[in-house]
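Contents: one structure, followed by commentary.
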Amino acid sequence: MSDNTMQHNLDLARQSILAPADLGETDLERVFGRLMGPKVDAADLYFQVQRHEAWVLEDGIIKEGSRSLDQGVGVRAVSGEQTGFAYSDEIMLPALLEASSAARAIARSGGGGRLQAWKAGEGLALYQPLNPLDSLSADEKVALLRELDAEARRQDPRVEQVVVSLAGVHDVVLVATGEGQLSADVRPLVRLNVTVLVEQNGCRESGSAGGGGRTGYECFLDSDCLKGYAREAVRQALLNLEAVEAPAGTFPVVLGPGWPGVLLHEAVGHGLEGDFNRKATSAFAGRLGERVASPLCTVVDNGTLPGRRGSLNIDDEGTPTQCTTLIERGVLTGYMQDSLNARLMGMRPTGNGRRESYAHLPMPRMTNTYMLAGPHAPEEIIASVDRGLYAVNFGGGQVDITSGKFVFSASEAYLIENGRITRPVKGATLIGNGPDVLTRVSMVGDDLQLDSGIGTCGKEGQSVPVGVGQPTLKVDALTVGGTQVG
Amino acid sequence: MTESALSPAVQRQLPAKAELAEPLSEALEEATRQGATAAEASVNSSFGLSVKVRQGEVDTLEHMRDRGLAITVYFGQRKGSASSADFSRASLMETVRAACDIARYTSEDPCAGLADAALMSADAPDLRLHYRWDIEPETAIDLARECEAAALEVDRRLTNSEGAEVSTHQGIHVYGNTHGFLDGYPASQHSISCVVLGRIGESMQRDYWYTTARDPSALQAAIAVGQEAGRRTVRRLGARRLSTRTVPVLFTPTAARSLFGHFLGAIQGGSLYRKASFLLDSLDTQVFPNWLNIEEQPHLPSALGSAPFDGEGVATRSRILVEQGVLRGYVLSSYSARKLGMQTTGNAGGIHNLVVHPGTMDYAQLLQEMHQGLVVTHLMGQGVNPVTGDYSRGAAGFWVDNGEEAYPVEEITIAGHLKEMFERIRAVGRDVDIRGNIRTGSVLVEGMTIAGE
């Protein structure tokens with residue numbers, strides 16, 4: 001099945017990217033002739049045509065709509081640890097040849113290389129090669145926004161403002177490598193979000209909810225889906241109206257299932273990306289085979305989940321994605337690799353070579369990163385805490401991969417007192433040390449959940465869509481950045 | 001490496017304004033032809049070079065070259081937008097058509113439209129924003145090598161590096177609308193930066209330093225940048241945690257910049273008309289202590305935040321935003337201004353040089369003034385609620401005792417409420433950092449909660 005998908009995607013990519021520029025495979029061979037050389041270890045061309053649209057509803061009216069078209073080709077030559085890179089927004093032969101000269105300047109000696117025959121790469125079939133922008137008519141898109149707005153306002157009279165946004169991306173990529181491999185992918189991605197502002201006695205709070213994935217917009221047509229988002233956004237906003245000051249200090253913290261998996265993304269995920277470990281700039285460098293977590297913890301990065309926001313049929317270097325076990329029962333077992341870092345470390349690429357666009361260099365990035373389920377019932381976990389925090393929803397996070405210190409910001413949290421959830425507390429930042437936070441995980445729930453498809457990860461100025469997930473879990477000691485001392 | 005110097009892919013010249021005005025005017029004409037009652041468009045073209053050296057060897061050599069055209073059309077009070085990186089006539093027409101199509105589905109919005117014609121910039125001043133830096137890749141690589149080497153020489157505990165980077169960018173931006181306004185200007189930004197790592201036993205730290213300016217001759221020397229990166233990393237080594245407590249906090253200029261960023265977020269039109277701001281209805285009220293003044297100075301020559309006109313063609317002008325602690329103005333585009341029943345402040349696209357008036361004390365004097373407390377050099381995460389002003393972020397820096405840095409600290413949070421934090425500012429230093437759009441010295445804030453061990 002996946003062979004057919006790759007063939008179909010290759011045909012589509014040739015047709016929509018190469019054909020309009022009148023580029024054939026012999027032209028690509030000429031480009032590689034210029035790009036390759038005795039000192040060039042690897043080279044690739046990354047062709048991309050990306051269509052994007054966004055719709056925004058605010059104040060009950062369809063306020064904005066936009067469409068964009070971005071296309072171009074990135075040209076890379078790698079010699080040892082050195083990378084030369086140039087790109088062009090013109091997909092045409094002269095621009096390609098020029099970019100190739102610029103990129104290969106990294107390898108000092110001249111002399112053209114010779115490309116072997118082209119062969120199609122392998123890939124998965126995790127989503128339909130469709131254009132989500134065409135999956136609904138404009139009327140239907142507008143109706144969807146209006147319905148979600150109405151649904152949110154129906155939830156509670158204290159809802160003052162509702163902002164709904166709908167966005168879709170149709171991304172067609174073609175990767176040609178110096179080894180003669182041609183791979184293509186057609187990547188749909190949609191996202192729907194609702195943010196509400198509630199007001200009561202002059203106090204205001206906001207809440208938001210949403211989701212999406214690699215599908216068409218029709219996944220949002222289910223009215224339970226819209227109701228779910230509306231209810232969740234309003235519930236969060238109202239809850240925060242009641243919230244008291246968060247405590248300050250170090251406490252046991254129970255994290256809810258799903259999106260709180262942003263803990264894993266920050267605390268261990270980035271630190272296990274191949275580039276940081278090759279350069280030994282990560283707090284996890286050189287620690288393969290060592291215990292870095294409690295035996296309850298098994299953490300994977302899995303790019304092969306059908307339809308998920310972080311999933312890919314192939315990564316941006318043409319390598320099929322896979323499920324990589326990063327931590328197995330507490331022991332560090334693997335890094336996430338792109339081709340450059342895998343080669344330099346004598347490891348295999350893991351399908352984690354990703355880039356924001358043709359105008360950016362690929363590097364090791366996460367796909368869907370999550371912890372597998374454990375033995376405990378969530379109620380049992382909460383009941384085990386005398387005084388602590390139960391955090392179920394989060395904003396973003398950040399990590400310093402060298403010191404290992406990471407933060408993530410709770411947007412919905414409660415006090416646990418004597419084994420029971422009591423009052424909601426205001427949002428607070430949690431801070432910890434990546435290499436030891438998972439050693440303090442003493443209970444892992446049986447309720448693994450993935451997030452709803454909302455994550456975007458930033459690294460070195462490049463953004464890519466990702467997924468996270470986890471079961472309910474308990475960290476024995478984590479610092480909670482509230483204002484309430486004592 | 002002679003080949004790269006000769007490579008034709010390396011763009012050397014910005015296109016002339018007239019060259020970009022052409023597709024822009026065509027797009028506006030096409031919009032009108034398709035029935036739009038008004039339209040506005042912008043065209044950008046930029047190029048650059050970036051080299052990174054790590055452990056003495058070239059890590060990456062990147063050539064950048066970007067273009068884009070964006071158009072917004074209005075059919076009465078309905079609008080639609082589209083953009084494309086392709087300037088071919090066919091693509092241009094398709095982009096305009098896409099924008100017009102969208103406008104059939106958006107709603108009548110009484111506040112939508114171009115900024116008033118009377119506000120358009122005329123005779124835009126030359127703010128000297130464009131300087132070439134004709135640096136060959138080889139020279140840039142040598143500069144990056146010098147920078148990194150200088151950093152690693154600072155101390156033998158500096159054992160690793162993320163590298164030193166030298167980059168140069170030039171671009172031209174042209175904006176036009178159906179009032180007949182069309183103008184543009186070139187701008188540049190050049191930088192040298194360095195990140196090095198140090199180790200004590202099992203624990204590692206990193207820190208960085210950078211210099212950035214529109215004029216390459218205003219850059220700090222590469223060696224000085226490296227040395228500062230090295231010094232900064234060394235002084236983080238051996239960082240400890242603190243126990244939970246309430247103390248004064250001194251934000252160094254880079255950290256303090258974010259405080260005024262939160263202030264700007266709260267007084268910008270979009271947050272105000274959505275009522276999503278902790279400074280709602282704060283105009284002409286005391287927000288900061290009565291000695292604190294803040295200005296917007298869009299015409300500072302060669303400054304990174306300067307601009308002759310905003311994203312709607314509205315002439316920018318200097319103004320006082322905070323006078324003796326009292327908020328005197330908001331940050332508005334024509335849209336948010338109409339939503340609020342006010343006049344645009346020429347801030348479509350953001351602020352242009354927010355200048356916090358410096359005080360008299362330098363950094364050492366501020367430490368004396370604080371006597372005991374926390375210096376914050378690094379902030380982590382996004383724990384700021386713009387609606388309520390609740391503030392909770394990860395931090396690292398130094399513990400200060402007897403007016404001197406005692407030891408480095410990490411893995412703590414600082415928390416408070418932005419409105420109270422603004423009221424409790426006790427001093428602003430004269431150690432102003434001008435490497436950005438927000439210019440401030442260090443800021444001393446009383447009574448913040450630190451959470452730690």
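All of the numbers you see were taken from the coordinates with simple rules; none came from a lab. Nothing here was measured: the structure is a model prediction, and the numbers come from that model. Cβ: placed from backbone, ideal geometry, glycine included. Neighbour counts: every protein chain shown.
Quick notes on this structure:
- When the stretch B:74-103 is filtered for residues that are polar (S, T, N, Q) and either touching a residue at least 40 places away in the same chain (Cβ under 8 Å) or not in a strand (DSSP E or B) (or both), the ones remaining, listed by number, are B:GLN77, B:SER88, B:SER91, B:THR95.
- Strands (runs of 3 or more DSSP E) fully within the stretch B:386-453 counting 3 or more residues that are touching a Pro at 6+ places or on another chain (Cβ under 8 Å) and closer than 25 Å to B:VAL322 by Cβ: B:425-428, B:443-451
- In the stretch B:427-453, of all residues being surrounded by fewer than 17 Cβ atoms within 10 Å (Cβ to Cβ) and over 24 Å from the mean Cα position of the chain (by Cα), the one that is nearest to the other protein chains (Cβ to nearest Cβ) corresponds to B:GLU453.
- Selection count where residues are closer than 20 Å to B:GLU420 by Cα and buried (at least 21 other Cβ atoms within 10 Å of the Cβ), scope the stretch B:213-256: 8
- Test: residue in the stretch A:42-60 that is in a strand (DSSP E or B), more than 10 Å from chain B (Cβ to nearest Cβ), more than 25 Å from the chain's Cα centre (by Cα) and surrounded by fewer than 21 Cβ atoms within 10 Å (Cβ to Cβ): yes
- Residue within the stretch B:93-101 that is closer than 30 Å to B:SER188 by Cβ, among the β-branched types (Val, Ile, Thr) and either at the interface with chain A (Cβ under 10 Å from one of its Cβ atoms) or surrounded by fewer than 24 Cβ atoms within 10 Å (Cβ to Cβ) (or both) present: yes
- B:THR377 meets the stated requirement of being hydroxyl-bearing (Ser, Thr, Tyr), buried (at least 17 other Cβ atoms within 10 Å of the Cβ), more than 30 Å from A:VAL198 (Cα to Cα) and within 14 Å of another protein chain (Cβ to nearest Cβ).
- Condition check for A:GLY210: farther than 17 Å from A:LEU430 by Cβ, touching a Leu at 6+ places or on another chain (Cβ under 8 Å) and outside any loop (DSSP other than H, G, I, E, B): yes
- Residue ID - nearest to B:ASN385 (Cα to Cα), chosen from residues in the stretch A:413-431 that are within 12 Å of chain B (Cβ to nearest Cβ) and not basic (Lys, Arg): A:GLY427
- Output for the stretch A:218-252, where each listed residue is more than 21 Å from A:ALA167 (Cβ to Cβ) and among the small types (Gly, Ala, Ser): A:ALA237, A:ALA243, A:ALA246, A:ALA248, A:GLY249
- Qualifying positions in the stretch A:325-351 - assigned to a loop (DSSP other than H, G, I, E, B), within 22 Å of the chain's Cα centre (by Cα) and either surrounded by fewer than 24 Cβ atoms within 10 Å (Cβ to Cβ) or of a type in the set (A, V, I, L, M, F, W, C) (or both): A:THR333, A:GLY334, A:ARG348, A:PRO349
- Of residues in the stretch B:109-127 being within 14 Å of chain A (Cβ to nearest Cβ) and surrounded by 15 or more Cβ atoms within 10 Å (Cβ to Cβ), the one farthest from B:GLU312 (Cα to Cα): B:ASP109
- Checking each residue in the stretch B:382-402 for being in contact with a helix residue (DSSP H, G or I) (Cβ under 9 Å, 6 or more places away or on another chain), under 17 Å from B:THR449 (Cβ atoms) and within 12 Å of chain A (Cβ to nearest Cβ) picks out B:VAL384, B:ASN385, B:THR388, B:GLY389, B:ASP390, B:TYR391, B:ARG393, B:ALA395.
- In the set (1) in contact (Cβ under 8 Å) with a residue 24 or more places away in the chain; (2) on the phi > 0 side of the Ramachandran plot, B:ASP123 fails one condition alone, (1).
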